[in-house]
Amino acid sequence: MNSAVIILIAAAIYVGLYFSYGKALQNKVVRADPNRPTPAHRLYDGVDYVPANPVVLYGHHFASIAGAGPIVGPAVAMAWGWLPGLLWVWFGNVFIGAVHDYLALMSSVRYDGKSIQWIAGKLMSRRTSMAFELYVWFSLVLVVAAFGAVISGIFVSTPGAATASWLFMLVAVILGLLLYKWQIDFKLGTVIGILMLIGAIYIGFKYPIHASTHTWLIALGIYVIIASSLPVWILLQPRDYLNAYILWFGLILGGLAFIVVGIKGLGTFTAPAFTTWSAHVVGGKPSPFWPTIPLVIACGALSGFHSIVGSGTTSKQLDNELHGLMVGYGGMFTEGFLSTLVISSIAVYGMQVFQTLKIPVNYDNWGSNYAVQVVAHKLKVGIFAKSYALGVHNAFGVSTEAAALFASLWVAAFALTTLDTATRLGRFAWQEIMDMVSAPEVLKNKWVASIILVVFGMYMAWGGNWLIIWPAFSGMNQMLASIALMTASLWVAKVQNPEGAWKWAVIIPALFLWITVTAALVWFLVVIKPGFWVSLITVVGLLLNIMLVIDWYGAWKKPAEEYAAMTS
């Protein structure tokens, strides 16, 4: 197979389905109305409810949902070969992920920017809302643990990315002040921000910061506690607006590079298309592709975390209902294209990277050695960064060191966004849970809520086995997607009530995903036998998951008349 062929097929799939399937969802299911005031306008408060430029919001939303997930997951899933993971990304993206993201966002917009958990309680029962909130909070603990481990690993293996990432945060704050406080011209502010960003990358290349994994975990913990409590205009919106430029530059550069190397005859896939049904992946043990694939590819195909972001921060910033398709649906498609680029780059150059670093992975032992060696040599992100750099170098002659640094910064910038967005959303979830149980006011304090989440998550990352933490996070995340999609299916079927069979386009993927991930998590507990805290969170998640699907079924049987007043 040739990289140019895969990239062009992916582009055709995503562009074609955005303007066909996506537009149909917008017009026939959601019935988006540009004249309907969004919560960002009706409930404006200058902190969370702030209408954003659609490009700025797209940048925030994508940076928040992507993180390192669409890169790390598909990179590790290459243990099964490039074809199984690619098919999971494409089919999951089109029929589950993008539908899930768009409906979670738009249902929240119709309910004053409320969370998907709140909507579940509205459509099902108060018990559902409590169970969903608990599930979300435990899932976000695992997000903090998984992404804390990923970012600290990037900073240790690529110290220049650490320097550039921290300077990037400073650049974002300056841009936020320029745009929102001093209100300079938007285009001029953009130019200034991009120039400062380029300067941050250059300084990072020249002056790398060296520190240990534990030092970075402490620094990251302090950072996210502070960042997640700041008004969105100070850091979140400007940082993620600049992230959009990093994203598009990286995607366009990489996409063109792998088309060019393919045309040059240098883009032939050297990795196996398929290794074995049970490659050594989860916990380093033989893992059957089904049902364990959602334990590895946490993002790229679909992700429940997206529903929390879409209904947590994005819905409060949507300026116009028609912007929802680009932000929610288009954001998921962009993530799928990124995962396609990751798989293609490693399929072409992964073998060369292993040979250069003298790592014992070859065509014959790929299925048993690949994932274990990638984790052992801290190449979870590095295998992509180095492969991407080789592609850019062979296509355009760019220095491999500079291209690898850019790729590492790209991943780190998105992962940092996910980390502090997860902390902000975890704070919201914790405060809502404390309200439900009438807890003392001190437990509802935003600093207390953030500290509890971050300390718990960073503790798990501190000494955890990455091949255990990542599947636990990924499984809980994918289960969250099935529950959110079930909630969306109730909203579609009972409230929106579209003509034809559109409700089944939501229900069938939700049930398939629920069965798959439930089986995967049971397999994880029985076969892998993770440590106490991971096992506890996974068991609690499974119990809450069963409770939620029972509540969903009960609500599904209710007559449509009971939902008539909710029609939107």
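Note down the accessible area of Glu441, probe 1.4 Å, to the nearest 10 Å².
130 Å²
Where q = 0.18, 0.24 Å⁻¹, what log10 of I(q)/I(0) comes from the Debye formula for the range 11-63, counting one point per Cα?
-0.84, -1.05
With +1 on the Cβ of every Lys and Arg and -1 on the Cβ of every Asp and Glu, and nothing else charged, how large is the dipole of the chain about its Cα centre, in debye rounded to the nearest 20?
240 debye
So for the range 486-568, averaging the separation of alpha carbon pairs under 8 Å that are six or more residues apart and normalising by length, what relative contact order in percent results?
This gives 46 percent for the range 486-568.
Where Lys and Arg each count +1 and Asp and Glu each count -1, what net charge lies around Ile154 among other residues with Cβ under 11 Å from its Cβ?
+2
Please name which of Leu220, Pro39, Phe168 has its Cα lying farthest along the dipole of the chain towards the positive end, using unit charges on Cβ (Lys, Arg +1; Asp, Glu -1) and the Cα centre as origin.
Selected residue: Leu220.
Please report Rg (one decimal) and Dmax (integer) in Å for the Cα set of the range 384-454.
Computed over the Cα atoms of the range 384-454, radius of gyration and Dmax are 20.4, 62 Å.
Which value, in debye to the nearest 20, gives the size of the charge dipole of the range 49-204 about its Cα centre, when Lys and Arg are +1 and Asp and Glu are -1 at the Cβ?
Rounded to the nearest 20 debye, it is 360 debye.
List the residues whose amide H sits under 5 Å from the amide H of Ala279, counting only those 5 or more places along or on another chain, with H placed 1.01 Å from N in the peptide plane.
The answer is Ser287, Phe289.
Show me, bin by bin at 10 Å from 0, the whole-percent P(r) of the chain based on Cα pairs.
Going from the shortest bin to the longest, the percentages are 4, 19, 31, 28, 14, 3, 0.
Could you put Asp551, Asp101 in order of accessible surface area, largest first, with the 1.4 Å probe and the full protein assembly present?
Ranked from most to least accessible, the order is Asp551, Asp101.
Ordered by residue, what ³J(HN,Hα) values in Hz, to whole numbers, does the range 523-532 give under the Karplus form 6.51 cos²θ - 1.76 cosθ + 1.60, where θ = phi - 60° and Gly and Pro are x?
4, 4, 5, 6, 8, 7, 6, x, x, 4
Which number comes out as Rg/Rh for the range 85-157 once both Rg and the Kirkwood Rh are worked out on C-alpha atoms?
Taking Rh as the inverse mean 1/r over Cα pairs, Rg/Rh reads 1.10.
What number comes out for the charge environment of Asn394, summing +1 per Lys or Arg and -1 per Asp or Glu over other residues with Cβ under 13 Å away?
Once all neighbours under 13 Å are counted, the net charge is +2.
Using θ = phi - 60° and the Karplus form 6.51 cos²θ - 1.76 cosθ + 1.60, what ³J(HN,Hα) does each residue of the range 389-399 get, whole Hz, x for Gly and Pro?
4, 5, x, 5, 5, 5, 8, 10, x, 5, 3
How high is the FRET efficiency between Ala11 and Thr213 when r is their beta carbon distance and R₀ equals 30 Å, given to the nearest 0.05?
0.20
Please name which of Ala279, Thr418, Pro51 has its Cα lying farthest along the dipole of the chain towards the positive end, using unit charges on Cβ (Lys, Arg +1; Asp, Glu -1) and the Cα centre as origin.
Ala279
I'd like to check one number: the per residue accessible area of the range 171-317, probe 1.4 Å, reported in Å² as a whole number.
Accessible area per residue, the range 171-317: 38 Å².
Around Phe62, under 11 Å between beta carbons, what's the net of Lys plus Arg minus Asp minus Glu among the other residues?
After counting each charged neighbour, the total is -3.
Counting only protein chains, not ligands or nucleic acids, how are Lys181, Lys558, Lys444 ordered by accessible area (probe 1.4 Å), most first?
Heavy-atom accessible area, descending, gives Lys181, Lys558, Lys444.
Run the accessible area of the chain with a 1.4 Å probe and give the carbon-and-sulfur part as a rounded percent.
69 percent
What accessible surface, in Å², does a 1.4 Å probe find on Phe354, ignoring ligands, DNA and RNA and rounding to the nearest 10?
Accessible area, nearest 10 Å²: 0 Å².
I'd like to compare 67-74, 410-417, 212-219: which one has the highest average count of other Cβ atoms within 10 Å, and what's the full order after that?
67-74, 410-417, 212-219
Starting at 0 and stepping by 10 Å, how many percent of the alpha carbon pairs of the range 322-440 end up in each bin?
For the range 322-440, the pair-distance distribution reads 12, 30, 27, 17, 10, 4, 0.
What list of ³J(HN,Hα) couplings, whole Hz, do you get for the range 229-242 from phi and the Karplus terms 6.51, -1.76, 1.60, once you set θ to phi - 60° and write x for glycine and proline?
In residue order, the calculated couplings are 9, 6, x, 4, 6, 6, 10, 4, 5, x, 4, 6, 5, 5 Hz.
Run the 1.4 Å probe and let me know the accessible area of Leu177, rounded to the nearest 10 Å².
Its accessible surface works out to 50 Å², give or take rounding.
Run the numbers on the chain and let me know its relative contact order in percent, using alpha-carbon pairs under 8 Å that are six or more apart.
About 31 percent, as a whole number.
Calculate, in nm to one decimal, what Leu43 and Lys181 gain on full extension: separation in residues at 0.36 nm each, minus their alpha carbon distance.
Contour length minus Cα-Cα distance gives 47.6 nm.
Any idea what diffusion coefficient the range 411-558 gets from Stokes-Einstein, in µm²/s, Kirkwood Rh on alpha carbon pairs, 37 °C, 0.692 mPa s?
Roughly 188 µm²/s, to the nearest whole number.
The values are calculated or read from the model by the stated rules, or taken from the named source; none is laboratory data. The shown structure was predicted, so the numbers you read here are calculated from the model rather than taken from an experiment. A quick note on method: Cβ atoms are made from the backbone with ideal geometry, for glycine too, and the neighbour counts reach across all protein chains shown. With ligands, DNA and RNA removed, areas are computed over all heavy atoms of the protein, side chains included. Shrake-Rupley method; radii C 1.70, N 1.55, O 1.52, S 1.80 Å.
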